[in-house]
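The values are calculated or read from the model by the stated rules, or taken from the named source; none is laboratory data. What you see is a predicted model, and the numbers here were worked out from it, not measured in a lab. Cβ sites come from the backbone with ideal geometry, for glycine too, and all protein chains shown count toward neighbours. To get the accessible areas, we keep the full protein, side chains included, count just its heavy atoms, and leave off ligands, DNA and RNA. Shrake-Rupley method; radii C 1.70, N 1.55, O 1.52, S 1.80 Å.
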Amino acid sequence: MDEIKDGLSEIECDVLVIGGGTAGPMAAYKAKMKNPDAKVVLLEKANVKRSGAISMGMDGLNNAVIPGHSTPEQYTKEITIANDGICDQAAVYKYAQHCYEIIEELDKFGIRFQKDENGDYDVKKVHHIGTYVLPMPNGETVKKALYRQLRRARILISNRFMATRLLKGRSGRIAGAVAVNTRTAEFLVVRAKSVIMSMGAAGRLGLPTSGYLYGTYENAANSGEGYAMAYHAGAKLANLECFQINPLIKDYNGPSCAYVAGPFGGFTANSRGERFIECDYWSGQMMQEFYNELLSGNGPVFLKLNHLHKETADHIEQILHTVERPSRGRFHEGRGTRYHETMIEMHISEIGFCSGHSASGVFVDDCARTTVPGLYAAGDMASVPHNYMLGAFTNGAFAGEDAVAFAGEVDFEDYDREEVAREQERVLAPTRREDGIPPNQIEYKARRLVNDYLQPPKVTRKYELGQARLAEVRDDMENHMVARDAHELMRAMEVTSILDCADMAAFASLYREESRWGLYHWRTDHPERNDEEWKCHVLLSKQDGRMTCEKHPVQPYIVPISEEEKDAYYKQRIKAEA
Amino acid sequence: MPLANTSTTVPVLVDEGKCIADKGCTVCVDVCPLDVLRISELTNKAYMKFDECWYCMPCEADCPTGAVTVNIPYLLK
């Protein structure tokens, strides 16, 4: 295994889904359910059985809009405010109207959701305004349940193929994608009438404080290929300056899980053991307060459960140590920390792109359509804000249904054979060199520069220096990177995505000359929010081979937000007692 | 520029007494999201070839004989 082989084959399908984590399997399943005659191919860099952000499972739904507990209007309002007004509500509202159907469908797949003694969904309040958090008692079975459905629906699965570029026809319509096998370096061209990208977050952008390249908050396999491929295909990307930064267990880098602990009475505390934020729901505004506390005399910040009854703390431990990131138990064992005894040190994550928690993604409408005809995006890499796992499932379903209908109306688009040959040369270039710089060193340097220069607070002059240094690394990558086998070649290709994402993060951040979304886009030389000029999306795209940004108006709200409500998420800090 | 062989201690351990890769099992290699496990040509047992671990645990959870243990990578433990 891993020796580089020559090879190029071509397959055809109606709908190609790239990425088999959360949104992808649901998209493929829904496409096939809507048109059982359609040929649906699911391409995955790893293995669909265990890929993506929910590789091991998920402990709950963070954004369940369940009749009787919350309304689509209320949820849409909450997310608009949480995302500082920059929100095309149509997609959020549509999600909120339909996510309950998806919950019922997941329930039929065998995924259980917590119910109270009356048989009603046991929804918990974590957000600032509404009630949307629903625990999943057998959350560790999610991937297995999904995989069963894919097999039953006869979806064609190709594991260990990494897509590298999208193909378009002369008309600008999608024609398919080029992929490379991660164990043999053989190429696969997939011709498709429509393509759905569900390739996850750009989670390997910043460097974790541990310095370990793979010790990321996100699944480290999610290195931003979706963002890079969409960019090179000419699709527009929205609000990339709205970074993802999350609160987490320091060094372990897994979620601190105030969503799990909050309903039991756990909370985020400062070193005095005091609560300093009103609400533990993740937003840029909350992260700003977290950051301020971290650096203040009251820092650092902790997850506090040691005031709870031992049984309660142990119960939370049991959930956190078995579902989403089960190695957390081993981490605490090594440190000798028990939740009922001591507060657990927290920190902030490295930066990334991820609409699952913030808003940076490939720009999509309420049917998951990108700006390229026939190309769709869903899940963490699409621009629907704060969409989490249930958003990935629901928007994946929208993508699957629309994409299979689109495929039914068009024929295959022709692509340029020369383009495939050029792409093969680009991909294989690091294997043609006798020696040079290995991908891990290029990656380390690029991500260290991201931390040094791009991590908020954002300073214009630092950004310009960062861009210059990243350009030097890019030159090394394009001319001196060496890959000795197919596995290293996969890492080399990931580095190209990471550098593309770093460049996009810098470019979009410099374009928006204001501060917004709390810590996510805190520009110290433009410290104020400026609604007059910047209450708009920033769309980044490649035009005539160059990176460009443009302002794009926020669509008129469906659910109005009053003046008094719009800054509710800025009122996070608990007022000092007189 | 020649390349160095810098050693690192890897987080995933395989109990060769329990591992049945020599009987054809490849479960841990198949499920790893980062694709860092391989079957050794020398011992015919699974081992961690690349130190690129997200300590996510499918290899351990899905191993049919309980041969795999995921530890926290040294740099962050």
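What to note about this one:
- Distance histogram for the protein assembly as shown (every C-alpha pair counted, 20 angstrom bins, percent rounded to whole numbers): 20, 57, 22, 1
- A 1.4 Å probe, protein heavy atoms only, puts the accessible area of residue A:370 near 20 Å².
- Whole-percent carbon and sulfur share, accessible surface of the protein assembly as shown, 1.4 Å: 48
- Cross-link partners of residue A:462 among lysines (Cα-Cα below 27 Å; sequence separation of 8 or more within a chain): A:236, A:250, A:445, A:535, A:542, A:551
- Rounded accessible area per residue of the stretch A:247-348, 1.4 Å, Å²: 36
- Computed per residue of chain A from DSSP H runs no shorter than four, each worth -39500 (n - 2.57), the mean residue ellipticity at 222 nm is -10500 deg cm²/dmol.
- The C-alpha atoms of chain A define a longest principal axis, and helix A:417-428 lies at about 60 degrees to it.
- Surface accessible to a 1.4 Å probe, residue A:570 within the full protein complex, Å²: 90
- Interface between chains B and A: roughly 3100 Å² of accessible area buried, both sides summed (probe 1.4 Å, protein heavy atoms only).
- Interchain or long-range residues, amide H under 5 Å from residue A:163's placed H: A:180
- For the stretch A:247-348, the spread of Cα coordinates along the three principal axes comes to 31, 25, 22 Å, biggest extent given first.
- Shape annotation for the stretch A:54-181: C-alpha extents along the principal axes are 53, 37, 21 Å, from largest to smallest.
- The angle separating the long axis of helix A:460-480 from the principal Cα axis of greatest extent in chain A is about 40 degrees.
- Between residue A:460 and residue B:18, the simple label model (points 7 Å from Cα in the Cβ direction) yields a spacing of 6.0 nm.
- For residue B:69, solvent-accessible area (1.4 Å; no DNA, RNA or ligand), Å²: 60
- For residue A:352, nonlocal amide neighbours, meaning residues 5 or more places apart or on other chains whose placed amide H falls under 5 Å from its own, are A:244.
- Simple label model, 7 Å out from Cα along Cβ direction - residue A:544 to residue A:573, nm: 4.7
- Only Cα pairs under 8 Å and 6+ residues apart enter the sum, and on that basis the relative contact order of the stretch A:247-348 stands at 35 percent.
- DSSP bridge pairs, the protein assembly as shown: antiparallel proportion in percent, nearest 5: 70
- For chain A, the longest principal axis of the Cα atoms and the long axis of helix A:89-109 meet at an angle of about 90 degrees.
- Backbone phi angles across the stretch A:31-36, fed through the Karplus curve with coefficients 6.51, -1.76 and 1.60 (θ = phi - 60°), yield HN-Hα couplings of 4, 5, 5, 6, 9, x Hz in residue order; Gly and Pro are listed as x.
- Measuring nothing but how far apart in sequence close Cα pairs (under 8 Å, 6+ apart) lie, relative to its length, chain A scores a relative contact order of 21 percent.
- Kirkwood estimate for the stretch A:77-126, i.e. one over the average of 1/r between Cα atoms, Å: 13.0
- Taking the alpha carbon gyration tensor of the stretch B:12-70, multiplying each eigenvalue by 5 and rooting it gives semi-axes of 16, 12, 10 Å, largest first.
- Counting only residues at least eight positions apart within a chain, or on another chain, the aspartates and glutamates with an alpha carbon under 17 Å from that of residue B:77 are A:251, A:333, A:345, B:51, B:52.
- At q = 0.09, 0.20 Å⁻¹, base-10 log of I(q)/I(0) for the stretch A:453-578 (Debye sum, equal scatterers on each alpha carbon): -0.40, -1.21
- Amide H contacts of residue B:46 (H built 1.01 Å from N, under 5 Å, at least 5 apart or other chain): B:21, B:40
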